[in-house]
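Q: Before I ask anything, here is the structure I am working with.
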Amino acid sequence: MVGNIRDRTTEFLLRFGDRGKTVVSIALMCEPTQLGDFSYKCVQEKIVERGYDFDPKMLLRSMEKDYGITETSYKSTNQHWWRFLDKNQVEEAISPEEEDPAVTVVKIQAESLDMPSAERKLSILMRKPKLSEIDKRIFRQFSFEELPLFVKIYNDAMQYEETQEIGERIKKIINMARAVAMKINEKESYNQGLLKKEREREDYNANSVRLSDLKDNI
């Protein structure tokens, strides 16, 4: 899950529209108890009171499982309660202040980079004991085509408090790429060392043969 609670709540609202906003707003209105901030029963009853006719179960599940906005605080055979992971950020997303366009651009660009895919790709390469030529070609393509974009977004993200988390995640990706590059360099250095030793051995043998021939001639 990318971004903070506010960002994820905004994504939830964009995806589910009016129904999503209704469920979140009602959940915020429910009276908190020791069991949690709101329950399925409370949300369902208030939906009916507002004249709507839909079951919020799927939306409540998505808030928890897909977007990490809430977590289950109590569950039994006839009750299900949740608590907000950060109620203030959820409230901000419901009634957002105007965001700096530069911050919005950084978030959009970060989403376009598909960081989970880059993390998976680099993680696989890091775990391999030996990189094939295909692996090296894939990494080379990533290094020249994608990595510079990550660096640019990293530099932009670290300028704003709202995108610090994005910057830190990109920094981890850059460090993962460095680890893969070091693995390639270590292997090549090792191979070059073996080649050098082999050449030295061949030179030594050749010199030995020449000395032997010289002694025989004497």
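The values are calculated or read from the model by the stated rules, or taken from the named source; none is laboratory data. Since the structure is predicted, the reported quantities are computational estimates derived from the model, not experimental observations. Cβ: placed from backbone, ideal geometry, glycine included. Neighbour counts: every protein chain shown.
Q: Scan the range 27-48 and report the pairs whose first residue is assigned by TED's automatic domain parsing to the domain that holds PHE84 and whose second residue is among the β-branched types (Val, Ile, Thr), with Cβ atoms within less than 6 Å and a gap of 6+ or a chain change.
A: ALA27/VAL43; VAL43/ILE26; LYS46/ILE26
Q: I'm trying to understand the selection: among the residues of the range 143-163, which are farther than 17 Å from ASP100 by Cα, aromatic (Phe, Trp, Tyr) and in contact with a helix residue (DSSP H, G or I) (Cβ under 9 Å, 6 or more places away or on another chain)?
A: Once the filter is applied, which keeps residues that are farther than 17 Å from ASP100 by Cα, aromatic (Phe, Trp, Tyr) and in contact with a helix residue (DSSP H, G or I) (Cβ under 9 Å, 6 or more places away or on another chain), the range 143-163 yields PHE150, TYR154.
Q: Among the listed residues LYS121, LYS87, identify the single one that is over 21 Å from PHE12 (Cβ atoms) and modelled with pLDDT of 90 or more.
A: The conditions single out LYS121.
Q: To continue, here is another question. When the range 40-58 is examined, which residues are found to be surrounded by 19 or more Cβ atoms within 10 Å (Cβ to Cβ) and within 16 Å of GLY17 (Cβ to Cβ)?
A: PRO56
Q: Go through (1) closer than 30 Å to TYR160 by Cα; (2) touching a strand residue (DSSP E or B) at 6+ places or on another chain (Cβ under 6 Å) for SER123 and report which single condition fails.
A: (2)
Q: Let me ask something else. Among the residues of the range 124-178, write down those that are surrounded by 13 or more Cβ atoms within 10 Å (Cβ to Cβ) and small (Gly, Ala, Ser).
A: SER143, ALA157, GLY167, ALA177
Q: While we're looking at this one, here's another question. Give me the helices (runs of 4 or more DSSP H) completely within the range 73-181, filtered to those with at least 2 residues that are within 30 Å of TYR40 (Cβ to Cβ), ordered by residue number.
A: In the range 73-181, the matching helices (runs of 4 or more DSSP H) lie at 87-94.
Q: Within the range 21-39, how many residues turn out to be surrounded by 19 or more Cβ atoms within 10 Å (Cβ to Cβ) and part of a helix (DSSP H, G or I)?
A: So the answer is 5.
Q: Give the residues of the range 144-180 that are within 13 Å of the chain's Cα centre (by Cα) and of a type in the set (Asp, Glu), sorted by residue number.
A: Answer for the range 144-180, where residues must be within 13 Å of the chain's Cα centre (by Cα) and of a type in the set (Asp, Glu): GLU165, GLU168.
Q: Give just the number: which of (1) surrounded by 12 or more Cβ atoms within 10 Å (Cβ to Cβ); (2) assigned by TED's automatic domain parsing to the domain that holds LYS21; (3) closer than 16 Å to GLY3 by Cα does MET115 not satisfy?
A: Unmet condition: (2).
Q: Only one residue in ILE134, ILE166, ILE138 is over 18 Å from GLU111 (Cβ atoms), in contact with a helix residue (DSSP H, G or I) (Cβ under 9 Å, 6 or more places away or on another chain), at pLDDT below 95 and of a type in the set (Val, Ile, Thr). Which one? Break it down into steps so the answer makes sense when it comes.
A: Working: ILE134 fails: in contact with a helix residue (DSSP H, G or I) (Cβ under 9 Å, 6 or more places away or on another chain); ILE166 fails: over 18 Å from GLU111 (Cβ atoms).
Answer to the selection: ILE138.
Q: Looking at the range 75-83, is at least one residue of a type in the set (Lys, Arg) and touching a strand residue (DSSP E or B) at 6+ places or on another chain (Cβ under 6 Å)? Outline the logic, then answer.
A: The first filter runs over the range 75-83 and keeps only residues of a type in the set (Lys, Arg), leaving 75, 83.
This time we only want the ones that are touching a strand residue (DSSP E or B) at 6+ places or on another chain (Cβ under 6 Å), so: 83.
Yes, the range 75-83 contains a residue that is of a type in the set (Lys, Arg) and touching a strand residue (DSSP E or B) at 6+ places or on another chain (Cβ under 6 Å).
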